[in-house]
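Peer 1: Below is the structure I would like to discuss, written out as structure tokens.
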Amino acid sequence: MDWLLIILVVFSIGLLIYLYLQNYYLDINQYTVTIPKLHTNLKGKKILHLSDIHLKPRYNKGYIEQIIQKSKDCEPDIIVLTGDLVQAGLEDLTDVPIRKLCDGLTSIAPTYFITGNHDIQTAKFEDLTFVLNTSRVRILLDEAEWIDFGEKEGGIVLMGLAERSKTAEVPRPRLKYIELTPEMSKQPKILLAHRPEHFKEYLDDKTKAPALTLAGHTHAGQMRVPFIGGAFAPGQGFFPKYDYGIFSDEEDASKRMIITRGIGNSSFPFRLNNRPELVLITLN
């Protein structure tokens, strides 16, 4: 009986350590992505991609400090947040450490944000945008911005897609409300879009079709099954096609999408075989 108790205790401790590492030990996943017609001045520029942080009251402050420090270690030229910064259903954002995180990120590099489904279902959206704006985070909701990375020549169009709460509100084509100048239409583009399951639809409008789409939302399937992949993703169901990693369009391989495993958890509190990650993209 004593041996059984010892085995049970050791197993329980091991399980707790495993769950802690799976949920809080941040990985850094790196990609080098070739973008057609990219100006030579932009080759080697780095984009840090964060998503699905799901901030809430009493969020682990040490974890936030780890996110900021690892982001700093990556030495990015810009940082992008692709939605679900906060958890849905919060009555207010008073004790949610949005400012701590955002002030930390904007001190590292210019930071851009788009909404996810959780962001538009929490407290007053105006409160969230106020904190972001005063933390110098640029909010891109169906907008495009020219990013020159501080170079005198060359740049890239960064487009941000706004999340919508109702299917009836979704425009067709999906990038319909993002306005580009004639010159922007000719330049290489990166799209920030929370949901990866619509990858093909993001390419419908040829004047806006991004060379690279950055997305989140899936949490990589929450639980990853060896040799199979993610178990479940919202919007795609069981064993989703787009779980995490880099994907190419079947018709045009130059059109890529990178999905991050994300950083936090939402309804299901654990990650299994699926550590949280930061994604660092080097342009080529």
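The values are calculated or read from the model by the stated rules, or taken from the named source; none is laboratory data. Since we're looking at a predicted model, the values are computed, not measured. In this analysis, Cβ positions are derived from the backbone assuming ideal geometry, glycine residues included, and neighbour counts consider all displayed protein chains. Keep in mind that these areas ignore ligands, DNA and RNA; they rest on the heavy atoms of the full protein, side chains included. Shrake-Rupley method; radii C 1.70, N 1.55, O 1.52, S 1.80 Å.
Peer 1: So, in the range 126-158, how many residues would count as being open to solvent by 20 Å² or more (accessible area, probe 1.4 Å), in a helix (DSSP H, G or I) and under 18 Å from residue 194 (Cα atoms)?
Peer 2: Going through the range 126-158 one residue at a time, the tally reaches 1.
Peer 1: When only residues in the range 130-147 that are touching a strand residue (DSSP E or B) at 6+ places or on another chain (Cβ under 6 Å) and β-branched (Val, Ile, Thr) count, which is farthest from residue 177 (Cα to Cα)?
Peer 2: 137
Peer 1: Which of the residues that make up the range 237-262 are farther than 30 Å from residue 36 by Cα and assigned to a loop (DSSP other than H, G, I, E, B)?
Peer 2: 239
Peer 1: Which one of these does residue 217 not meet: (1) open to solvent by less than 50 Å² (accessible area, probe 1.4 Å); (2) free of Cβ contacts under 8 Å to residues at least 40 places away in the same chain?
Peer 2: So the condition that residue 217 fails would be (2).
Peer 1: If I go through the range 230-247 residue by residue, how many of them are surrounded by fewer than 18 Cβ atoms within 10 Å (Cβ to Cβ) and either of a type in the set (Phe, Trp, Tyr) or over 18 Å from the mean Cα position of the chain (by Cα) (or both)?
Peer 2: Residues flagged as surrounded by fewer than 18 Cβ atoms within 10 Å (Cβ to Cβ) and either of a type in the set (Phe, Trp, Tyr) or over 18 Å from the mean Cα position of the chain (by Cα) (or both) within the range 230-247 amount to 4.
Rundown of residues vs (1) free of Cβ contacts under 8 Å to residues at least 12 places away in the same chain; (2) within 22 Å of residue 60 (Cβ to Cβ); (3) touching a helix residue (DSSP H, G or I) at 6+ places or on another chain (Cβ under 8 Å); (4) surrounded by 14 or more Cβ atoms within 10 Å (Cβ to Cβ), yes/no style:
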{"residue": "203", "(1), (2), (3), (4)": "no, no, no, yes"}
{"residue": "223", "(1), (2), (3), (4)": "no, yes, no, yes"}
{"residue": "228", "(1), (2), (3), (4)": "yes, no, no, no"}
{"residue": "267", "(1), (2), (3), (4)": "yes, yes, no, no"}
{"residue": "274", "(1), (2), (3), (4)": "no, yes, yes, yes"}
{"residue": "280", "(1), (2), (3), (4)": "no, no, yes, yes"}
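Peer 1: Can you spot a residue in the range 250-259 that is touching a Ser or Thr at 6+ places or on another chain (Cβ under 6 Å) and open to solvent by 20 Å² or more (accessible area, probe 1.4 Å)?
Peer 2: Taking every residue of the range 250-259 in turn, at least one turns out to be touching a Ser or Thr at 6+ places or on another chain (Cβ under 6 Å) and open to solvent by 20 Å² or more (accessible area, probe 1.4 Å).
Peer 1: If residue 209 meets every condition in (1) open to solvent by 60 Å² or more (accessible area, probe 1.4 Å); (2) at pLDDT 95 or above; (3) among the small types (Gly, Ala, Ser) apart from one, which number is that one?
Peer 2: (1)
Peer 1: Among the candidates 15, 26, 21, single out the residue that is more than 24 Å from residue 158 (Cβ to Cβ), in contact with a strand residue (DSSP E or B) (Cβ under 8 Å, 6 or more places away or on another chain) and at pLDDT below 95.
Peer 2: Just one listed residue meets the conditions, 26.
Peer 1: Within the range 54-107, can you find the residues that are assigned to a loop (DSSP other than H, G, I, E, B), within 24 Å of residue 147 (Cα to Cα) and either open to solvent by 50 Å² or more (accessible area, probe 1.4 Å) or without any contact (Cβ under 8 Å) to a residue 40 or more places away in the chain (or both)?
Peer 2: 75, 77, 107 - these are the residues of the range 54-107 that are assigned to a loop (DSSP other than H, G, I, E, B), within 24 Å of residue 147 (Cα to Cα) and either open to solvent by 50 Å² or more (accessible area, probe 1.4 Å) or without any contact (Cβ under 8 Å) to a residue 40 or more places away in the chain (or both).
Peer 1: Okay, moving on. Name every residue in the range 108-125 that is open to solvent by 10 Å² or more (accessible area, probe 1.4 Å) and assigned to a loop (DSSP other than H, G, I, E, B), in order of residue number.
Peer 2: Answer for the range 108-125, where residues must be open to solvent by 10 Å² or more (accessible area, probe 1.4 Å) and assigned to a loop (DSSP other than H, G, I, E, B): 108, 110, 117, 118, 123, 124.
Peer 1: Going residue by residue through the range 110-122, is there one that turns out to be hydroxyl-bearing (Ser, Thr, Tyr), at pLDDT below 95 and out of contact with any Lys or Arg (no Cβ under 6 Å at 6 or more places or on another chain)? Quick ask: steps written out before the conclusion?
Peer 2: So the first thing to find is which residues in the range 110-122 are hydroxyl-bearing (Ser, Thr, Tyr), and the list is 111-112, 115, 122.
Checking which are at pLDDT below 95 leaves us with 122.
Still in the running and out of contact with any Lys or Arg (no Cβ under 6 Å at 6 or more places or on another chain): 122.
Yes, because at least one residue in the range 110-122 is hydroxyl-bearing (Ser, Thr, Tyr), at pLDDT below 95 and out of contact with any Lys or Arg (no Cβ under 6 Å at 6 or more places or on another chain).
Peer 1: Another question, if that's okay. Could you check how many residues of the range 203-236 are basic (Lys, Arg) and either closer than 15 Å to residue 188 by Cα or assigned to a helix (DSSP H, G or I) (or both)?
Peer 2: The initial filter retains those residues of the range 203-236 that are basic (Lys, Arg), namely 206, 208, 224.
Okay, now just the ones that are also either closer than 15 Å to residue 188 by Cα or assigned to a helix (DSSP H, G or I) (or both), so 206, 208.
Going through the range 203-236 one residue at a time, the tally reaches 2.
Peer 1: Of the numbered conditions (1) open to solvent by less than 30 Å² (accessible area, probe 1.4 Å); (2) within 20 Å of the chain's Cα centre (by Cα), residue 38 fails exactly one; give the number of that condition.
Peer 2: Checking residue 38 against (1) open to solvent by less than 30 Å² (accessible area, probe 1.4 Å); (2) within 20 Å of the chain's Cα centre (by Cα), the one that fails is (2).
Peer 1: With the requirement that a residue be in a helix (DSSP H, G or I) and of a type in the set (Gly, Ala, Ser), what does the range 159-168 give you?
Peer 2: 168
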